[in-house]
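**Student:** My questions will all concern the structure given below.
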Amino acid sequence: KISFYLKTPLYNISIPNIYSRVLSNNFSNNKNLLISTIDYEKQEVCREIANKLNVKTLFPVQSEIDKYKFKISENINNKDVLIIADAINTAQTINAYTNYLAYKGAKNISIILPHGIVNKKAIPVIEKSVIRNLYIMNPHNNYKSDKIQTVSTSKIIEEIIRRTIEKKNIKYVLK
């Protein structure tokens, strides 16, 4: 959409680049961090982000019989886990996964939602869960919870637009 309005193509602006920038602002120098997801389709994005942040990934195997059962073979004792998800509807699946991670020894478990979509019915489940923080990028609603923190990408997008209009390099913005 931005490219259309500027009538200038914005090359190399991928979602992993923007995630990485936001995450590096919030999780820089955490070598104890693992990037995870329960969505198979998000694994490649997680790999790219982990690569940019120089951390490892963690991908569980989800039971085909019971969607609330997970298995991981890695030792995650005292590790921080950041889960990337698209949306949270009931929070039951993400709650089951975070409980499993805590059982396996994860120290701090957080979630980042790039699309800012959370069903309001999920908030009480999140409040009672082991989730430390839920980071919502550009939220659609004003959620009331001590665990929810909003993360804006507007400054990053603003810098990209400004540099594009001025025909300057945008690579440093997306490191």
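The values are calculated or read from the model by the stated rules, or taken from the named source; none is laboratory data. Because the structure is a prediction, the values reported are computed rather than measured. Ideal geometry is used to build each Cβ from the backbone, glycine not excepted, and the neighbour counts take in all protein chains shown. We work out accessible area using only protein heavy atoms, side chains counted, and drop any ligands, DNA or RNA first. Shrake-Rupley method; radii C 1.70, N 1.55, O 1.52, S 1.80 Å.
**Student:** Answer yes if at least one residue in segment 41-50 is open to solvent by 70 Å² or more (accessible area, probe 1.4 Å) and either over 27 Å from Ile157 (Cα atoms) or of a type outside the set (D, E, K, R) (or both), and no otherwise.
**Tutor:** Taking every residue of segment 41-50 in turn, none turns out to be open to solvent by 70 Å² or more (accessible area, probe 1.4 Å) and either over 27 Å from Ile157 (Cα atoms) or of a type outside the set (D, E, K, R) (or both).
**Student:** Is it the case that some residue within segment 62-71 is part of a helix (DSSP H, G or I) and surrounded by 14 or more Cβ atoms within 10 Å (Cβ to Cβ)? Let's see the steps before the verdict.
**Tutor:** First, the residues of segment 62-71 that are part of a helix (DSSP H, G or I): none.
Taking every residue of segment 62-71 in turn, none turns out to be part of a helix (DSSP H, G or I) and surrounded by 14 or more Cβ atoms within 10 Å (Cβ to Cβ).
**Student:** Right, next: Restricting to helices (runs of 4 or more DSSP H) lying wholly in segment 78-169: which have 3 or more residues that are in contact with a Phe, Trp or Tyr (Cβ under 9 Å, 6 or more places away or on another chain) and touching a residue at least 40 places away in the same chain (Cβ under 8 Å)?
**Tutor:** Numbers: elements: 92-103, 123-128, 154-165.
The helices (runs of 4 or more DSSP H) meeting that bar are 92-103.
Matching residues to (1) modelled with pLDDT of 90 or more; (2) among the hydrophobic types (A, V, I, L, M, F, W, C):
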position: Glu64; (1), (2): no, no
position: Ala96; (1), (2): yes, yes
position: Ala102; (1), (2): yes, yes
position: His115; (1), (2): no, no
position: Ile123; (1), (2): yes, yes
position: Asn141; (1), (2): no, no
position: Ser145; (1), (2): no, no
position: Ile161; (1), (2): no, yes
position: Asn169; (1), (2): no, no
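**Student:** Check whether at least one residue in segment 91-102 is open to solvent by 20 Å² or more (accessible area, probe 1.4 Å), over 13 Å from Ile131 (Cα atoms) and of a type in the set (Ser, Thr, Tyr), and report yes or no.
**Tutor:** Filtering segment 91-102 down to residues open to solvent by 20 Å² or more (accessible area, probe 1.4 Å) leaves 92-93, 95-96, 99-100, 102.
Applying the additional criterion that residues be over 13 Å from Ile131 (Cα atoms) yields none.
Checked segment 91-102: no residue is open to solvent by 20 Å² or more (accessible area, probe 1.4 Å), over 13 Å from Ile131 (Cα atoms) and of a type in the set (Ser, Thr, Tyr).
**Student:** Starting from segment 59-71, take each residue that is in contact (Cβ under 8 Å) with a residue 12 or more places away in the chain and list its partners that are surrounded by 18 or more Cβ atoms within 10 Å (Cβ to Cβ) and acidic (Asp, Glu), counting only C-beta distances under 6 angstrom and pairs at least six apart or across chains.
**Tutor:** Listed pairs, sorted by first residue: none to list.
**Student:** Considering only residues that are out of contact with any Pro (no Cβ under 9 Å at 6 or more places or on another chain) and among the charged types (D, E, K, R), look in segment 42-62 and name the one that is modelled with the lowest pLDDT. Show your work before the answer.
**Tutor:** Narrowing segment 42-62 to residues out of contact with any Pro (no Cβ under 9 Å at 6 or more places or on another chain): 42-43, 50, 53-62.
Within this subset, residues satisfying the condition of being among the charged types (D, E, K, R) are 42, 56.
On the way: Lys42: 88, Lys56: 94.
That would be Lys42.
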